[in-house]
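Trainee: Got a structure for you, questions after.
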4 protein chains.
Amino acid sequence: MARAKESDASLTRDEAALAARFGYLFNSYYEAVGPRHARARRGDLSRPPVADIVAYRHHVDSAMRRLMAGNGCGRAAPLIELGLHHEQQHQELLLMDIKHVFGSNPLAPAYADVAPAGPAPAARLAFADFAGGLHEIGAAEDGTFVFDNETPRHAVLLTDFRLATRPVTNGEYLEFIRDGGYSQPAHWLADGWAWVQANDITQPLYWRREEPGQPAGVWSSQSGPGGWREFTLTGERPLDPTAPVCHVSYYEADAYARWSGHRLPSEAEWEVAAIADLAERDPETDANLLGSGLWHPVAAAPSTAGSSSRLGQMFGDVWEWTASPYSAYPGYRPSAGAVGEYNGKFMINQMVLRGGCALTPPGHVRASYRNFFYPHQRWQMAGFRLACDG
Amino acid sequence: MARAKESDASLTRDEAALAARFGYLFNSYYEAVGPRHARARRGDLSRPPVADIVAYRHHVDSAMRRLMAGNGCGRAAPLIELGLHHEQQHQELLLMDIKHVFGSNPLAPAYADVAPAGPAPAARLAFADFAGGLHEIGAAEDGTFVFDNETPRHAVLLTDFRLATRPVTNGEYLEFIRDGGYSQPAHWLADGWAWVQANDITQPLYWRREEPGQPAGVWSSQSGPGGWREFTLTGERPLDPTAPVCHVSYYEADAYARWSGHRLPSEAEWEVAAIADLAERDPETDANLLGSGLWHPVAAAPSTAGSSSRLGQMFGDVWEWTASPYSAYPGYRPSAGAVGEYNGKFMINQMVLRGGCALTPPGHVRASYRNFFYPHQRWQMAGFRLACDG
Amino acid sequence: MARAKESDASLTRDEAALAARFGYLFNSYYEAVGPRHARARRGDLSRPPVADIVAYRHHVDSAMRRLMAGNGCGRAAPLIELGLHHEQQHQELLLMDIKHVFGSNPLAPAYADVAPAGPAPAARLAFADFAGGLHEIGAAEDGTFVFDNETPRHAVLLTDFRLATRPVTNGEYLEFIRDGGYSQPAHWLADGWAWVQANDITQPLYWRREEPGQPAGVWSSQSGPGGWREFTLTGERPLDPTAPVCHVSYYEADAYARWSGHRLPSEAEWEVAAIADLAERDPETDANLLGSGLWHPVAAAPSTAGSSSRLGQMFGDVWEWTASPYSAYPGYRPSAGAVGEYNGKFMINQMVLRGGCALTPPGHVRASYRNFFYPHQRWQMAGFRLACDG
Amino acid sequence: MARAKESDASLTRDEAALAARFGYLFNSYYEAVGPRHARARRGDLSRPPVADIVAYRHHVDSAMRRLMAGNGCGRAAPLIELGLHHEQQHQELLLMDIKHVFGSNPLAPAYADVAPAGPAPAARLAFADFAGGLHEIGAAEDGTFVFDNETPRHAVLLTDFRLATRPVTNGEYLEFIRDGGYSQPAHWLADGWAWVQANDITQPLYWRREEPGQPAGVWSSQSGPGGWREFTLTGERPLDPTAPVCHVSYYEADAYARWSGHRLPSEAEWEVAAIADLAERDPETDANLLGSGLWHPVAAAPSTAGSSSRLGQMFGDVWEWTASPYSAYPGYRPSAGAVGEYNGKFMINQMVLRGGCALTPPGHVRASYRNFFYPHQRWQMAGFRLACDG
């Protein structure tokens, strides 16, 4: 099959040149991979022509098919699996970034032309009880794919706690605003208050109050309670008071919790509660494990979310801020090589979020999954759920 | 013709909505026009779909045709003429900006696929003599269009001076670099030296020295003297030592002049010399009044540029920095209304450039034209010409 | 005693005016106390005349004596005790700040004129073993003063671990530098590497390598290994390779630990080990519980510090970075009012340090004490001790 | 006299060490003198003990006496004279800096304890006429000391102009504020408007409006029109509506002039007018050539300042912004060596001020003197005088 080999080689030669150029541009942060374009100046880059993009995609697909068909696949399999899960993260990040770019545009263009469901009655806020003691969290290494930061599975010591049966809603958050929440330093962590002051923060990201002089967004003809509207991937919409609040920073989540007399759960509390709740469900009949929102979280039906004994909307509505700084689990060992830069080197200054959001690919959601962001960030679809001591 | 009128009106209604949105986005700096999108955040804006752009263009063309066909045109004529000249400035700025965006891209993509002319022999540097005394500069108000900052025509008092017969070349500028020009504070204005230090400036913008690890630009297979290459709108090319140096700041032009024992001309000297030179030419037979470069300045033929008695490359190769701060001419009066913001409010902190460059529309070049930039800026195609006392 | 009361009142009137002015200036960060001078602009303030300072001190002393002699003291006692401990923190901070100001001065002036002890032989690095399981940490509320962040006492779950018998020394840290530690991103947390790059960090704060052109510090006639000198409150001195390394950031401590194949201990591990070690000592005969350094940490004698079974230099040499983010203990409740701003609102983005340093007042050192700084800070006297899994 | 020489040498040895240290610290911006402490970090330096300062002063005095008594004086004389004039500039700068430091202190301490003169009736605003044509400005090189930037004397061409007989007063400037001057972009240069917006400028530096919550300054019991007070070196005082406005930027001066329908004079106009006016005075009998203010400009008596035919307050009240960018006079040659850095290298981005202020040493004031500051600066005591075309 010399001919095939030749054509492969010739393809590879052209592709190598392409890959060398894009390798420099596409290296986001891997120090081990070599020099890269400064991240802050990425926005200055002109886009390649569509034909180049398609050619590059074809190159990647061909090369992957060759690799998987060949002998090397066995060795590469773990890396390919990691790559697929990494790509799922990109799917979500792309939507987050598109939302951010469109949301910064005063014309508020819509990404998807879908009529939103109207507000539904929100489930009453209730708290489920969980017993303390020794519990196990983290992923068992049973061959199912997990990221290294979810391991090793280990024991944690908890005291009795209570966890809210659903996330805090827009309507509840609006009460915090109306009560002067953003102008009372007593509710805020010191760094949070400094962030509020320095950035003149008065509301969640993407909330906008009707103002006469400003150009109107695509969906802006109506507005929600108090004249509030919210930018979504389906355009600007009246604020839905029953949907989970989202695009808030850790500082905002923590301030709300303090204002309301509660606290945020630790990630261990969240995971223990999630596992206990899943154990009581029948995945065959329980269709509501994942969020029902399309592009944007919506209020779950009262029957499934937020009964006084069952947790609702744990997965797939909004990423939920926890009170846990992102640290290594006891005994954690990062992988060797560039892959080892994937998680471990970010274990400082960030907080853990759990559960997944309306933009997360369904296969990417699990109870042990640890997402993480800086406490001031809010372009990710993050909300929160209250907790208190048992 | 009720029907036509109706269709006009209906067109106008749709267009009005379009225009309201774009009016907010497209107001670059006119305080009198109202609120506008923050300039520094323009790069974050997503682009409108191509169909919207074409529709908007159609709207503008139609509306202008209606206006010019109607009775209002007489009144609007001065504004339309100003708009056409303003649009010529945009033509040049678009090319400057495209060059900047492409030049920031490590892949150095080419805007135009034109094979560059090879280096030509450069004319010998010589100086032409001009007599001092009372001269007149500025535009006579004879009905020909000029910008308000070129008026009023007025007398200036000069002493004898000499002006170089061509701009400084890349090859000459390279000598300044090789002599340690960028590391000798004595050559520099204090603000210039601070700019060099703060921005780590060691060469003109778009110059690049061959480096092994970096991805290669489109035209980078060869390089010029000392391994230097220059990014142009036709891609990265070997540095041509005979072409005028360009994309230098005022600070660099001034430092070079001091290093070489000369100075930069005042704008009055430049204009007086340009007028005297033009008077001796026959526009019918002299085809070389404008620069011969396409997208990029090139060395003019020795026969036309840089003889010891005649000035060469005064127009259309590189904008030439003068030693004159951009100020109002004696008796200057800005126009009323938003048009009055066009020039006068920029008369601080900037320096005057004269002559036009290889990107300037030919009809936009004249002896009295005053361009202006901040002394640290260099994304415009700016070079310089030496002068000294007579 | 009407007369005494009168004089009190008259004193109070003058003092009230004084206090009103200084109250504005001296409010460092208490939102509940009211407006205050911007922290970043404090350095611009002119100092009050010495006579005003003495008068103000006299005012504070008199007012406190009156308060403590009167009936109100019982109520105020907890606040006075808190104030005394807060003042002890200021004693240390003053020395840290003086060191920073003097250390930023190229003349390196000495604060105290004390001849340093010469280098002593450093104890061999060894690791002591500690068993995991359930342990208790935090301060018992038995009436002894503690800060609220040390409470409540609570159980923690640990796995077996080993803790170094002494902190890392300057000599050991020098090996990290010589091995290219500051230029290998693989050793660093992502934020740490960004900090290294942005600030051009190549050594601990206050280390300086002999350079010919620079003005010499007071003690600079000699230098330590590799030409290294270290600025101390007793002037610039040759680097002592046996003393604990200090004035390093968390990022540096963490990078060294990774480079050496170890990790930093958690604060629970540190406290459990400290308590176990204290239990085996006889405070009557063991004079070496506190650091032996005056103004600066020095190597402890090998006999007391760093035997293979006993921990040395746990208290009073250098604050030791732990791997624990500064968070609330389970069940933590901040005090009410302005005092509640003292600790809780800083529980984000900072890391815990344990043990005390050569500048800490002896009465301020205890096993449950939690100090905290941002991971990039290093003007505090911070070093670190290695740990690993058991 | 070997002994004297020895003692000189021994003195010199100690002094040399002292001088080497201070030389590094005291080099403000002379690149030719060598490395120096970063200017922005000067405020961090601890002050030397008073004894060291006195010793250093003694050293400088002794060394200067030796130099002037010796043979070298002849050669050094021009440098000594330059040094004395430079020192006079420092005298003024010290007062400006003290004012700035004290004025940034919310307690507004007074530098000098002098009761201010009450407001006097201000002279009516009038304009004196001057004929255009060829005039001479600049300093004649007749042996009297001048700075190099005042030379060479040269001809300038002017058109007829009118110059106000006194500077704009606080009361007049207040009208500009009341008329919304700081919120109307049409009055402002583009850079000036950006400066106003970015720094939230609403009044001259040191103006303060009575506010209840703020600590009161030393002289603050009363206030001027509209509740305005002004910080001066003699403490905070009611704004005097008849005194010249001062501590305004060029942008503010230019905006006021535009608002009032006038313009600022060019420096040539100012100097020509000043010389003409001086020629008509008898210095023996005219005691009012210099400003009458002590530490602060005050309104001149109507009889001497501001009659319709005579110019008042040209010297020694407030530095007067002119419309002239600071550039080299035709034929200007800077001195060689470090002294050449004194003036020439600042000839960019700054504007010329003329006349001197209430803090300027009287011997430092002359008609040809060219002061210069950036257009946004206002910590210098700068006001302005209106002009218009004749």
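Each value in this text was obtained by applying a stated rule to the coordinates, not by laboratory testing. Everything numeric here is computed off the predicted structure, so don't read it as measured data. Here Cβ is always computed from backbone atoms with ideal geometry, including for glycine, and neighbour counts include all displayed protein chains.
Trainee: What's the ranking of A:251-258, B:343-350, C:59-66 by average number of surrounding C-beta atoms within 10 Å, highest first?
Mentor: By packing density, highest mean first, the sequence is A:251-258, B:343-350, C:59-66.
Trainee: Now a separate question. Quick check on my link table: of C:Lys345/D:Lys99; B:Lys345/D:Lys345; A:Lys99/A:Lys345, which ones sit more than 30 Å apart, alpha carbon to alpha carbon? Kindly include the intermediate steps, with their values, before the conclusion.
Mentor: Working: C:Lys345/D:Lys99 38 Å; B:Lys345/D:Lys345 26 Å; A:Lys99/A:Lys345 27 Å.
As for pairs spanning more than 30 Å Cα to Cα, those are C:Lys345/D:Lys99.
Trainee: Place a label point 7 angstrom from the Cα of B:Asn199 along the Cα-to-Cβ direction, then list the residues of region B:352-389 whose backbone nitrogen is under 18 Å away.
Mentor: Within reach of a label on B:Asn199, which here means backbone N under 18 Å from a point 7 Å along Cα→Cβ, region B:352-389 contributes B:352-353, B:372-384.
Trainee: A further question on this structure: What nm distance separates the two modelled labels at A:Arg209 and B:Val60, each placed 7 Å from Cα along Cα→Cβ?
Mentor: 3.6 nm
Trainee: Separate question: How many partner chain Cβ atoms sit within 10 Å of a residue's Cβ in peptide A:186-193, on average, as a whole number?
Mentor: Per residue, the average neighbour count from other chains is 5.
Trainee: Hey, another quick one. Which order do peptides B:165-173, B:313-321, D:143-151, C:89-97 fall in by mean Cβ count within 10 Å, highest first?
Mentor: B:313-321, B:165-173, D:143-151, C:89-97
Trainee: Could you pull the copy-to-copy label distances for A:Arg42, with points set 7 Å along Cα to Cβ, in nm to one decimal and sorted shortest first?
Mentor: 2.4, 3.9, 4.3
Trainee: Still on this structure, please answer the following. Would you pull out the residues with amide H under 5 Å of A:Ile348's amide H, same chain only if 5 or more places away, H placed 1.01 Å from N?
Mentor: When sequence neighbours closer than 5 places are left aside, there are no close amide H contacts.
Trainee: Report, in whole Å, the centroid distance computed from the Cα atoms of region B:318-336 and region C:46-88.
Mentor: So the two Cα centres are separated by 66 Å.
Trainee: So, in nm, how far is label B:Ile53 from label A:Leu125 when the simple model puts each one 7 Å beyond its Cα toward the Cβ?
Mentor: Computed distance between label sites B:Ile53 and A:Leu125 equals 4.9 nm.
Trainee: Under a 5 Å amide H to amide H cut-off, with H placed in plane at 1.01 Å, what residues pair with A:Gly316 once short-range neighbours are removed?
Mentor: Residues meeting the amide H criterion: A:Gly291, A:Gly356, A:Cys357.
Trainee: Got a sec to turn the phi values of region B:127-144 into Karplus ³J(HN,Hα) couplings, 6.51 cos²θ - 1.76 cosθ + 1.60 with θ = phi - 60°, whole Hz, x for Gly and Pro?
Mentor: 10, 9, 9, 10, 7, x, x, 7, 10, 10, 10, x, 8, 6, 8, 10, x, 5
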